[in-house]
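J.: There's a structure below that I have some questions on.
The values are calculated or read from the model by the stated rules, or taken from the named source; none is laboratory data. These numbers were taken from a predicted model, which means no experiment stands behind them. Cβ coordinates were reconstructed from backbone atoms using ideal geometry, including for glycine residues, and neighbour counts include every protein chain displayed. All accessible areas refer to the heavy atoms of the entire protein, side chains included, with ligands and DNA or RNA removed. Shrake-Rupley method; radii C 1.70, N 1.55, O 1.52, S 1.80 Å.
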Amino acid sequence: MIFFIPEEKIFEIKNTADIVDVVSESVLLKKSGRNHLGLCPFHSEKTPSFTVSYEKQIFYCFGCGAGGNVFAYLMKKEGFTFPEAVKYVAEKYGIDIPEKLSPEQNRKISEKDSIFSINKQAMEFFKSCLLSSGTSKKAFEYLNKREISENVIRDYHLGYAPDGWNVLLNYFNKINISTALLEKAGLIVRKNKSEGFYDRFRNRIIFPIFDINSQVIGFGGRVMDDSLPKYLNSPETMVFNKSQSLYGLDIARSECRITETVYIVEGYFDLLSLHKNGIKNSVATLGTSISHEHVKILRGIVGKDGKFILVYDSDDAGIKAAQRSIEIFDKGFADAKVLVLPSGYDPDSYLVKFGIEAFKNAVSNAQGAVSFLINSAIKKYGLSVEGKIRIVSELKNTLSSIDDHVARALYIRELSEKIDIDEAAIHERIRETLSDIRSGKYINKSDAGPVPNNQDVAGSEPGNMLIEDMQRGTRFERQIIAMMLQFPEMIPEIIKCDLLSGFTDDVLKAIGNAIIEQKSLPELNSRNAMPIFDDDEKNSIAAFLSIRICLSIRDEVWGREDCLKLIKHFEYTYKRNEDTSTKKIKEAEETKDGKLLSELLREKQIQAKDKRSNRMKALGGETIW
């Protein structure tokens, strides 16, 4: 639900929150001096450049330029609106928000929140159906057969969708939930040739899917016989995206972070079996291949040196998955191992038959994805002359997709030694393949596809924002903004000297005005001086400048005198520029250069207008949230 949130309440929430705590929910952070470092969740990187400052309560990535305060982080990472980000932080820290709804907001509840609410109600409905003695006997017998205990049923909120076309639909109709919202939540399907709807999930075991914040985003359903499809998932909705969601991640996240390892399986029961056998650091994909987004999310949790173990139930499945994953894991700078279980066994049945120790022994023998493909090709084709030719032909796509030249060279050496072919010959074949790919003559069919061009993700062009930050305005202007963020007690002096009127850069001036407009809020300090803006650029620049001053002075202590010196330097430079401007106006008058005189007077008028505007803002105004 969207609220009108008073400025004082937003300030209280921002002041209470710990950005290190919030960011740590999705990124593995390690203390480094005064700050915390981790892998950026907004772009792929090998070396951590994502910086979180507890002192300033801000984040900034020196790789892609993303930055801001705790609300900006949640808006960028989770796709929240600003009110949703404020509400999330308030709930996390037990702060009540007064519900002051406008008449329009009373009529229209946030669609996203409505879908979350409907999904939660649907989960409770499915749970009640499983626990009722009448319709669920078959479902309970099936779960008992799969050795799913009542504790697992309770902890993972398993349910049952009754065998009927409109059981869930009728339930929601009775409590006046519109079919439009149910359809948007993916719970019902529109009939093809007639008006009306029917339930998507029928006669299936139901697995609720949670996001990292433990909200129900979708469902998976499995049949209890041999009918098809065996698994059915919710469709894509505004809260559910299969390529960004993983079953069990809400429970597995903590253990993944502690062990710096994650197991990835393909089925709901496989995941439950691993968890109940103590392997809590495991997640399951949702009927899709592992994606770039999955790797990015998981690497943020397990860290830059974290381990990925892909568990599959047959050689063919393992080979196909390994082929698809090479580019994905390479682009995400993550290394993956592949564990293929004996024929006829999936992780669930293997654990039931052989136990946890046998599974751990199998894991210890898991191979790197490329090594697995090399050994699989040798097993498939043999080491005859013809077999070796086919091995190189099959693996040229995989080796060509590895961007790291050193890693590619090492794998070529491994292949050369195992099939006894000169390295130079394999290198030449890879160069030919790369040349064909670049010229468009060849398409690697085993590739999972290109990295999505997501314009909303910071870092699509890493480094550009950082360069722009460095070049914004003059050096003195950047230092003044950094000082305002680091030493907000100097803001009255900055207002008194009217420094912002001398700024040449409009973006820096806007950031300065936003900081000034917060002066009426209680207890303004370096921990909460960072405003939130309505665009990423200002958030990023302000975060960069706030972090930068901390890094540049290191352990030196700035006092009031140091700040006053900076202000006087800026005043002197500004006054000198004004004198120069006045001199130019006089020269234009003397030379009767009407065009130049008109331009100089116009600039003078703009400066005077800005000065009046800054003085008005100094007397009070609305905070830019």
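J.: Failed condition for residue 462, given (1) open to solvent by less than 80 Å² (accessible area, probe 1.4 Å); (2) at pLDDT below 90; (3) assigned to a helix (DSSP H, G or I), with all others met?
T.: Failed condition: (3).
J.: Which of (1) open to solvent by 20 Å² or more (accessible area, probe 1.4 Å); (2) modelled with pLDDT of 85 or more; (3) within 17 Å of the chain's Cα centre (by Cα) is the odd one out, the single condition residue 54 does not satisfy?
T.: It is condition (3) that residue 54 fails.
J.: Still on this model: If you go through the stretch 356-374 one residue at a time, do you hit one that is more than 23 Å from residue 243 (Cβ to Cβ), in contact with a strand residue (DSSP E or B) (Cβ under 6 Å, 6 or more places away or on another chain) and buried (at least 20 other Cβ atoms within 10 Å of the Cβ)?
T.: Looking through the stretch 356-374, at least one residue is more than 23 Å from residue 243 (Cβ to Cβ), in contact with a strand residue (DSSP E or B) (Cβ under 6 Å, 6 or more places away or on another chain) and buried (at least 20 other Cβ atoms within 10 Å of the Cβ).
J.: Of the residues 346, 305, 335, only one is on the phi < 0 side of the Ramachandran plot and buried (at least 18 other Cβ atoms within 10 Å of the Cβ); which?
T.: Of the residues listed, the single one that is on the phi < 0 side of the Ramachandran plot and buried (at least 18 other Cβ atoms within 10 Å of the Cβ) is 346.
J.: Filter the helices (runs of 4 or more DSSP H) completely within the stretch 1-91 down to those with at least 2 residues that are aliphatic (A, V, I, L, M) and over 20 Å from residue 538 (Cα atoms). Explain how you work it out, then say what you get.
T.: Details: elements: 7-16, 19-23, 70-78.
It comes to 19-23.
J.: Taking only pairs six or more apart or across chains, which ones have beta-carbon atoms under 8 Å, a first residue in the stretch 220-232 that is in contact (Cβ under 8 Å) with a residue 60 or more places away in the chain, and a second residue that is basic (Lys, Arg) and part of a strand (DSSP E or B)?
T.: Here the result reads 221/204; 224/204, each pair linking the stretch 220-232 to a residue that is basic (Lys, Arg) and part of a strand (DSSP E or B).
J.: Could you check residue 504 against (1) hydroxyl-bearing (Ser, Thr, Tyr); (2) under 22 Å from residue 51 (Cα atoms); (3) open to solvent by 50 Å² or more (accessible area, probe 1.4 Å); (4) at pLDDT 70 or above and say which number it fails?
T.: Evaluating residue 504 over (1) hydroxyl-bearing (Ser, Thr, Tyr); (2) under 22 Å from residue 51 (Cα atoms); (3) open to solvent by 50 Å² or more (accessible area, probe 1.4 Å); (4) at pLDDT 70 or above leaves (2) as the failure.
J.: Quick check on this structure: which one of 432, 357 is more than 30 Å from residue 267 (Cα to Cα), among the acidic types (Asp, Glu) and assigned to a helix (DSSP H, G or I)?
T.: Matching residue, one of 432, 357: 432.
J.: Can you find even one residue in the stretch 286-295 that is farther than 29 Å from residue 47 by Cβ, modelled with pLDDT of 80 or more and open to solvent by less than 10 Å² (accessible area, probe 1.4 Å)?
T.: Checking the stretch 286-295: at least one residue is farther than 29 Å from residue 47 by Cβ, modelled with pLDDT of 80 or more and open to solvent by less than 10 Å² (accessible area, probe 1.4 Å).
J.: Also, I was wondering about something else. Quick check on residue 380: is it closer than 17 Å to residue 320 by Cβ, out of contact with any His (no Cβ under 9 Å at 6 or more places or on another chain), part of a helix (DSSP H, G or I) and open to solvent by 90 Å² or more (accessible area, probe 1.4 Å)?
T.: Criteria met by residue 380.
J.: Which one of 61, 40 is hydrophobic (A, V, I, L, M, F, W, C) and either in contact with a Gly (Cβ under 6 Å, 6 or more places away or on another chain) or over 18 Å from residue 301 (Cβ atoms) (or both)?
T.: Working: 61 fails: either in contact with a Gly (Cβ under 6 Å, 6 or more places away or on another chain) or over 18 Å from residue 301 (Cβ atoms) (or both).
Exactly one of 61, 40 is hydrophobic (A, V, I, L, M, F, W, C) and either in contact with a Gly (Cβ under 6 Å, 6 or more places away or on another chain) or over 18 Å from residue 301 (Cβ atoms) (or both), namely 40.
J.: Further question on the same structure: Looking only at the stretch 130-164, how many residues end up being open to solvent by 20 Å² or more (accessible area, probe 1.4 Å) and in a helix (DSSP H, G or I)?
T.: Adding up the residues that qualify gives 12.
J.: If you take the residues of the stretch 383-399 that are without any contact (Cβ under 8 Å) to a residue 40 or more places away in the chain, in a helix (DSSP H, G or I) and of a type outside the set (D, E, K, R), which of them is nearest to residue 411 (Cα to Cα)?
T.: 399
J.: Taking only pairs six or more apart or across chains, which ones have beta-carbon atoms under 7 Å, a first residue in the stretch 269-281 that is among the acidic types (Asp, Glu), and a second residue that is surrounded by fewer than 24 Cβ atoms within 10 Å (Cβ to Cβ)?
T.: Short answer, once both residue conditions are applied: 270/346; 270/348.
The rows are residues; the columns are (1) touching a Pro at 6+ places or on another chain (Cβ under 7 Å); (2) farther than 29 Å from residue 26 by Cβ; (3) of a type in the set (Val, Ile, Thr); (4) not in a helix (DSSP H, G or I).
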site: 301; (1), (2), (3), (4): no, no, yes, no
site: 311; (1), (2), (3), (4): yes, no, yes, yes
site: 317; (1), (2), (3), (4): no, yes, no, no
site: 321; (1), (2), (3), (4): no, no, no, no
site: 327; (1), (2), (3), (4): no, no, no, no
site: 344; (1), (2), (3), (4): no, yes, no, yes
site: 352; (1), (2), (3), (4): no, yes, yes, no
site: 363; (1), (2), (3), (4): no, no, yes, no
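J.: Give me a count of the residues in the stretch 276-285 that are assigned to a loop (DSSP other than H, G, I, E, B) and either surrounded by fewer than 22 Cβ atoms within 10 Å (Cβ to Cβ) or hydroxyl-bearing (Ser, Thr, Tyr) (or both).
T.: The qualifying residues number 4.
J.: Condition check: open to solvent by 10 Å² or more (accessible area, probe 1.4 Å), touching a Ser or Thr at 6+ places or on another chain (Cβ under 8 Å), touching a residue at least 24 places away in the same chain (Cβ under 8 Å) and β-branched (Val, Ile, Thr). Does residue 95 satisfy that? Before the answer, list the steps.
T.: Details: open to solvent by 10 Å² or more (accessible area, probe 1.4 Å): yes; touching a Ser or Thr at 6+ places or on another chain (Cβ under 8 Å): yes; touching a residue at least 24 places away in the same chain (Cβ under 8 Å): yes; β-branched (Val, Ile, Thr): yes.
In short, yes.
J.: Which of the residues that make up the stretch 490-522 are at negative phi, in contact (Cβ under 8 Å) with a residue 60 or more places away in the chain and of a type in the set (Asp, Glu)?
T.: The answer is 493, 517.
J.: To continue, here is another question. Could you grab me the full set of residues in the stretch 400-414 that are closer than 13 Å to residue 426 by Cβ, in contact (Cβ under 8 Å) with a residue 24 or more places away in the chain and open to solvent by 20 Å² or more (accessible area, probe 1.4 Å)?
T.: Result: 411, 414.
J.: Within the set of pairs 6+ apart or on separate chains, which have a first residue in the stretch 365-380 that is under 14 Å from residue 397 (Cα atoms), a second that is among the hydroxyl-bearing types (Ser, Thr, Tyr) and open to solvent by 30 Å² or more (accessible area, probe 1.4 Å), and C-beta atoms under 6 Å apart?
T.: Matching pairs, first to second residue: 370/411.
J.: Got a sec? Which strands (runs of 3 or more DSSP E) wholly within the stretch 172-275 have at least 3 residues that are open to solvent by less than 50 Å² (accessible area, probe 1.4 Å)?
T.: Values: elements: 188-190, 197-199, 204-210, 216-222, 231-233, 261-265.
Because the criterion is at least 3 residues that are open to solvent by less than 50 Å² (accessible area, probe 1.4 Å), the strands (runs of 3 or more DSSP E) in the stretch 172-275 that meet it are 204-210, 216-222, 261-265.
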